[in-house]
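The values are calculated or read from the model by the stated rules, or taken from the named source; none is laboratory data. Given the structure is predicted, the values throughout are model-derived calculations rather than measurements. Here the Cβ positions follow ideal geometry from the backbone for every residue, glycine too, while neighbour counts run over all protein chains shown. Heavy atoms of the whole protein, side chains included, go into the accessibility calculation; ligands, DNA and RNA do not. Shrake-Rupley method; radii C 1.70, N 1.55, O 1.52, S 1.80 Å.
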Amino acid sequence: RSFFQTLIHLLKGNIGTGLLGLPLAVKNAGLVVGPISLLFMGIIAVHCMKLLVKCSHHLSAKMNRPSLTYGEAMQYGMENVPWLRRHSQWGKRTVNLFLIITQLGFCCVYFVFLSDNVKQVVEAANATTVSCQMNYTNQTQVLVPSFDSRLYMLCFLPAMILLVFIRNLKCLAPFSLGANLAMTASLILIYFYSLTNIKYPIDLPKVGRAKDYPLFFGTAIFAFEGIGVVLPLENKMQRPQRFTLVLYLGMGIVTFLYISLGTIGYMCFGEHIGGSITLNLPNCWMYQVVKLLYCFGIFITFALQFYVPAEILIPSMVARVSPQWETTVDLLLRAVMVIFTCALAILIPELDLVISLVGSVSSSFLALIFPPLLQLIVFYGEGLSPLVKLKNLVISLVGLIGFIAGTYIAIVEIVARNGHKHETLSTYLVQ
């Protein structure tokens, strides 16, 4: 791939639903603390990506291999350290496990995102107007209540299963291009709307509540978790020595997008900001189309995100059956995996909390905890300076604290919100 193609793929690997959740993340951290924290997380995330590439180069030169995956890098790195050598297989297995959790977590988020946005468009269809004037309540006045968002997820399930039956990514290429264009157009309109509707004077808390900060961490690291695409992209590049430039340029653009949309989105919608900024857009035709375009983009991206866990899990399973059953087993496993992600999404249909949970649980390991530890073991006995060792341990520790606090708070919030839902439902039924 050329420089430009790799850049586009890197941007695509990092920009999905995470970006749309960032205004709420900024609300959780505060109007000043949020953007500054995002900048720091961006810098650390890019640094960790660079570490992974560096370690992969060092190991592939040593092993005489043209390229390595993230899991293999961890495995060969562990073989480097005498007392870890026996367990080196587990390095690869652990990384692959977290890759699977992250990617299937993304797929769960996509289910919730699609159902929330499509539900909103359907319910407001009668009240959809031509004028896009802002009424500062969260939604339009005349909504026709339709069924629960979880039923929307079930409606998407057959379509999703058919989509992942497409095993060759090349068949998806034209759709993928369409998805990118749809998402780009939507983003430009979302920016335009948010910028032109900021309310002055801005009176929003500059520092958020401490107990909401872990939720910010989860959402931010979910958004920055593009590390899974870094090695595959570099391996496919025509001139891999230029990859560092692609990485810095691409992630610079991504970080700028994240900070600007997060801040502008929060300044525009303030306290009312939803789990995805699309849910706050007014119900006029133009922005209903924006929501649907973004949904189309996310629908196609589902197949691309699903490709990673499918590639790790399915070949080893298919190898165990006789040749005439191979295709059947392959498709069956794909269907089961999609049903599994849909079931998880139905269990936790709260967009903002699912994003935070997935980010805290798995993205923190892949993007923050593993890369610094990988550098320590890859260059073990090659004289890393104490300063580098300290820096790496600090980054891993930040990731670990974020993982513990973020997961805990997200689960507490999910339980609390479910309890609240049951209360409102029972009072509604009593009436």
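What to note about this one:
- Those residues of segment 357-394 which are open to solvent by less than 20 Å² (accessible area, probe 1.4 Å) and touching a Pro at 6+ places or on another chain (Cβ under 8 Å), in sequence order: SER360, ASN392
- Subset of segment 188-244 that is assigned to a helix (DSSP H, G or I) and small (Gly, Ala, Ser) - its residue that is most open to solvent (accessible area, probe 1.4 Å): ALA210
- Residue count, segment 77-98 (criterion: within 21 Å of LEU393 (Cα to Cα) and open to solvent by less than 40 Å² (accessible area, probe 1.4 Å)): 9
- Subset of segment 174-217 (residues that are acidic (Asp, Glu) and more than 19 Å from LEU20 (Cα to Cα)): ASP203
- Hey, ASN80 touching a Phe, Trp or Tyr at 6+ places or on another chain (Cβ under 7 Å), polar (S, T, N, Q) and modelled with pLDDT under 95 or not: yes
- Segment 15-30, residues that are in a helix (DSSP H, G or I) and open to solvent by less than 10 Å² (accessible area, probe 1.4 Å): THR17, GLY18, LEU19, LEU20, GLY21, LEU22, PRO23, ALA25, VAL26, ALA29
- Residue in segment 179-191 that is farther than 30 Å from HIS58 by Cα and modelled with pLDDT under 90 present: yes
- Of the residues making up segment 277-294, those that are under 19 Å from the mean Cα position of the chain (by Cα) and open to solvent by less than 10 Å² (accessible area, probe 1.4 Å) are ILE277, THR278, LYS291, TYR294.
- Under the condition of being open to solvent by 40 Å² or more (accessible area, probe 1.4 Å) and closer than 18 Å to PHE156 by Cβ, the residues counted in segment 326-342 number 3.
- All conditions but one from (1) without any contact (Cβ under 8 Å) to a residue 60 or more places away in the chain; (2) in a helix (DSSP H, G or I); (3) of a type in the set (D, E, K, R) apply to LYS50; the one that does not is (1).
- Checked against (1) under 21 Å from the mean Cα position of the chain (by Cα); (2) surrounded by fewer than 18 Cβ atoms within 10 Å (Cβ to Cβ), HIS420 meets all criteria but (1).
- Filter result for SER260 (more than 16 Å from PRO35 (Cβ to Cβ) and either modelled with pLDDT of 90 or more or surrounded by fewer than 19 Cβ atoms within 10 Å (Cβ to Cβ) (or both)): no
- Residue match in segment 46-59 (condition: out of contact with any helix residue (DSSP H, G or I) (no Cβ under 8 Å at 6 or more places or on another chain) and either within 23 Å of TYR248 (Cα to Cα) or surrounded by fewer than 24 Cβ atoms within 10 Å (Cβ to Cβ) (or both)): yes
- Residue that is surrounded by the fewest Cβ atoms within 10 Å (Cβ to Cβ) [pool: residues in segment 296-323 that are hydroxyl-bearing (Ser, Thr, Tyr) and closer than 27 Å to ILE15 by Cβ]: TYR307
- Number of the condition not met by ILE401 [criteria: (1) among the hydrophobic types (A, V, I, L, M, F, W, C); (2) at pLDDT 95 or above; (3) outside any helix (DSSP H, G or I)]: (3)
- Pairs linking a residue in segment 110-134 that is basic (Lys, Arg) to a residue that is open to solvent by less than 50 Å² (accessible area, probe 1.4 Å), with Cβ atoms under 6 Å and 6 or more positions apart or on different chains, are LYS119/SER149; LYS119/TYR152.
- Filter result (within 17 Å of ALA310 (Cα to Cα), among the acidic types (Asp, Glu) and touching a residue at least 60 places away in the same chain (Cβ under 8 Å)) within segment 326-350: ASP330
- Being of a type outside the set (A, V, I, L, M), within 30 Å of CYS155 (Cα to Cα), crowded, with 17+ Cβ neighbours inside 10 Å and under 17 Å from the mean Cα position of the chain (by Cα) is a property that holds for GLY105.
- Checking each residue in segment 245-257 for being closer than 29 Å to SER194 by Cβ and surrounded by fewer than 18 Cβ atoms within 10 Å (Cβ to Cβ) picks out TYR248, LEU249, GLY252, ILE253, PHE256.
- Pairing residues of segment 32-43 that are in a loop (DSSP other than H, G, I, E, B) with residues that are among the β-branched types (Val, Ile, Thr), at Cβ distances under 9 Å and at least 6 apart in sequence or on separate chains, gives VAL32/VAL207.
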